[in-house]
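Accompanying notes for the structure given below.
The values are calculated or read from the model by the stated rules, or taken from the named source; none is laboratory data. A quick note: this is a predicted structure, and the numbers were derived from the prediction, not measured. Note that each Cβ is placed from the backbone with ideal geometry, even for glycine, and that neighbours are counted across all protein chains shown. All accessible areas refer to the heavy atoms of the entire protein, side chains included, with ligands and DNA or RNA removed. Shrake-Rupley method; radii C 1.70, N 1.55, O 1.52, S 1.80 Å.
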Amino acid sequence: MTGAPAALAGWMEQRGIARLSVVSPHLDDAVYSLAAMLARPDLPPRKVFTVFTAAGPMTDQGFARATGFADAEEEHACRRGEDQRAMARLGLPFEHCGIESGRSDDALAALVAGRVLEGPAPDRHVVLLPLGAGAALHPVRKALCRVLRRPPGAPAHGEHVLVRDQMRARLRPAGVHVGYYAELPYQWANGAGDLARLAERLIGGATAPFRIVPDPDAKLAVAKEYESQTALILGTRPGYQRRVVGIPERVFLPAG
């Protein structure tokens, strides 16, 4: 896997890519996972599309209350504001697609894919979907992570996998270049080889893998815009927070 971020820009330039879209399942996934990549001025124009940005009848109220909100409506309103501030810091256009958290019907893919695909020349468009990174760690490995002060990651998020699979089914026939990014903090539970094999399966062949090493301080400054999620995802100690966000950002694109 190349460690040179410029190689990603080269991949784009060789194929005449004119725009880069990132599909973020929730109101923080794109920034936590790809802030360093999204900030690169040598890439084509970028835009973030966030899928689950509203509360509805299927939304888990328990998560909202566990993170200090009265209900899911208040949670999502706060998190939309946090996302707006993060995108402003990065100078990126974005779209909140308005899908209610907890929904799993195919209509969400139809709506989001329609918005992502708006515009000309699909063959000059790259869309990055969540990889579905993550794993359930054995208790012994969890204990070792605590001893080493290493973030343990988390099992793959069901809504990330849902977005990935529903979106890829609609985007690939449209002729865009579909790639994948490993999500943070989930990817801490995976080895690099595990992520590469998953990407190869999804792409259906050889991949062009890219590894972008972020500046932990710069990335943490953006990630902390999601104030309601900071302690839950990044912890409370500055050194540990820097370690969580400092993991390399991993992007997988088709090799052909």
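Things worth noting here:
- For region 20-42, a residue qualifies if it is in a loop (DSSP other than H, G, I, E, B) and buried (at least 24 other Cβ atoms within 10 Å of the Cβ), and the qualifying residues are Pro25, Leu27.
- The residue that is farthest from the chain's Cα centre (by Cα), counting only those in region 197-216 that are farther than 16 Å from Ala7 by Cβ and open to solvent by 40 Å² or more (accessible area, probe 1.4 Å), is Gly204.
- Within region 218-237, if we keep just the residues that are open to solvent by 90 Å² or more (accessible area, probe 1.4 Å) and assigned to a helix (DSSP H, G or I), the residue that is farthest from Pro155 (Cα to Cα) turns out to be Glu227.
- Only residues that are free of Cβ contacts under 8 Å to residues at least 60 places away in the same chain, within 23 Å of Gly114 (Cα to Cα) and touching a helix residue (DSSP H, G or I) at 6+ places or on another chain (Cβ under 9 Å) were counted across region 44-68, and they come to 8.
- Residue check, Ala133 outside any helix (DSSP H, G or I) and touching a residue at least 24 places away in the same chain (Cβ under 8 Å): yes
- Any chance Gly119 is touching a residue at least 60 places away in the same chain (Cβ under 8 Å), among the small types (Gly, Ala, Ser), part of a loop (DSSP other than H, G, I, E, B) and in contact with a Lys or Arg (Cβ under 6 Å, 6 or more places away or on another chain): no
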